[in-house]
Amino acid sequence: MAGTDDAVPIAELLDERRHLLDIAYWMLGSGREAEGVIDETYRRWFELPDPARARITAPRSWLSQVAGSICLSRLALPRRDRERAVGEAAGCAGAVAQGMLAEEISGVLLEALDSLSPAERAAFVLNDVFGMAPGAVADIVRQTEPECAELADRARRSLRVRRARPTSAREHDAVARAVREACVAEDETVLASLLAADAMAFFDGGGKVRALIKPVHGNTRVARSLLTLLARHPRTSVHTHPVNGRTGLVVRYGPQVAAVISLDIAGPYVVQVWVTLNPDKLRTWNRSR
């Protein structure tokens, strides 16, 4: 079992969540309530101080115990109160991850963020870094959801321009395909060579799976974290696919889209990696499949 701050293979992440959902569903008999219990379970995991999490040698067992205790508490409540508890839990699911991630943003990224307007910075950080729901971002920024989406997109373009010269679609596609080949071959050396020395990777689990909370810095560490996430498994496959208008990677576990990886590329190198693992954000991908 990997350490609590190490990357975890997709197969393990999905099997763990499915296991917890089975426990909650069998105890409560409601898919919606089960989802609420699992959200609360992972919230408690992320609330733990780093030393406390590090002392947990069997995270799946700990999570199962917590999910079971939450179910028992919910069963003692009238259904109306149980449904209200589900809504309250969902509202604060990303708060802990937000606070911990904010402390880990590098000085380089902070300097780049300072170039954005307050609204652009808020929309970008809340949406891309913390994976908050569009409605929640809109409430904080005090603009409509479409306006927030445009602000975040404008911020992404601004950050890319600051990192290096624009990369043509053909150059981007070539680098993305080379990244995919290195991942499939599990070649850490080649993968690291395709990443900028100061590359960063962000893992958006949305508090719904036990993904990495903190950004990963440096080409070697980013390569290692990606290869751990994409560890070879009979049901795990990696494909190139358009993501946000440029070639990215789509990871499937069996027929299910389990992750979508967007690559920011400057010249011949990947400078930023955005890994979406949040099941809510992947629903559209799985519906379109």
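The values are calculated or read from the model by the stated rules, or taken from the named source; none is laboratory data. Since we're looking at a predicted model, the values are computed, not measured. A quick note on method: Cβ atoms are made from the backbone with ideal geometry, for glycine too, and the neighbour counts reach across all protein chains shown.
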| message | Need the failing condition index for residue 255 against (1) surrounded by fewer than 23 Cβ atoms within 10 Å (Cβ to Cβ); (2) under 18 Å from the mean Cα position of the chain (by Cα), just the number. | response | (2)
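Filtering region 225-246 down to residues that are in contact with a Ser or Thr (Cβ under 7 Å, 6 or more places away or on another chain) and part of a strand (DSSP E or B), which residue is farthest from residue 193 (Cα to Cα)? Lay out the reasoning, then the answer.
So in region 225-246, the residues in contact with a Ser or Thr (Cβ under 7 Å, 6 or more places away or on another chain) come out as 230, 240, 243-244.
From what is left, the residues that are part of a strand (DSSP E or B) are 240, 243.
Working: 240: 19, 243: 22 Å.
It comes out as 243.
If a residue has to be polar (S, T, N, Q), exposed (fewer than 15 other Cβ atoms within 10 Å of the Cβ) and not in a loop (DSSP other than H, G, I, E, B) to count, how many in region 47-64 make the cut?
Of the residues in that region, 1 qualify.
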| task | Kindly indicate whether any position in region 215-226 is closer than 26 Å to residue 15 by Cβ, within 20 Å of the chain's Cα centre (by Cα) and at pLDDT below 90. | result | yes
| query | Does region 168-184 hold any residues that are among the aliphatic types (A, V, I, L, M) and at pLDDT below 95, and which are they? | reply | 169
| request: For residue 165, state whether it is at pLDDT 90 or above, more than 17 Å from the chain's Cα centre (by Cα) and surrounded by fewer than 16 Cβ atoms within 10 Å (Cβ to Cβ). | output: no
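What number of residues within region 272-284 satisfy the criterion of being assigned to a strand (DSSP E or B), of a type in the set (A, V, I, L, M, F, W, C) and surrounded by 22 or more Cβ atoms within 10 Å (Cβ to Cβ)?
Result for region 272-284: 2.
Conditions (1) buried (at least 22 other Cβ atoms within 10 Å of the Cβ); (2) part of a strand (DSSP E or B); (3) in contact with a strand residue (DSSP E or B) (Cβ under 7 Å, 6 or more places away or on another chain), marked per residue:
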| site | (1), (2), (3) |
| --- | --- |
| 170 | no, no, no |
| 176 | yes, no, yes |
| 223 | yes, no, yes |
| 248 | yes, yes, yes |
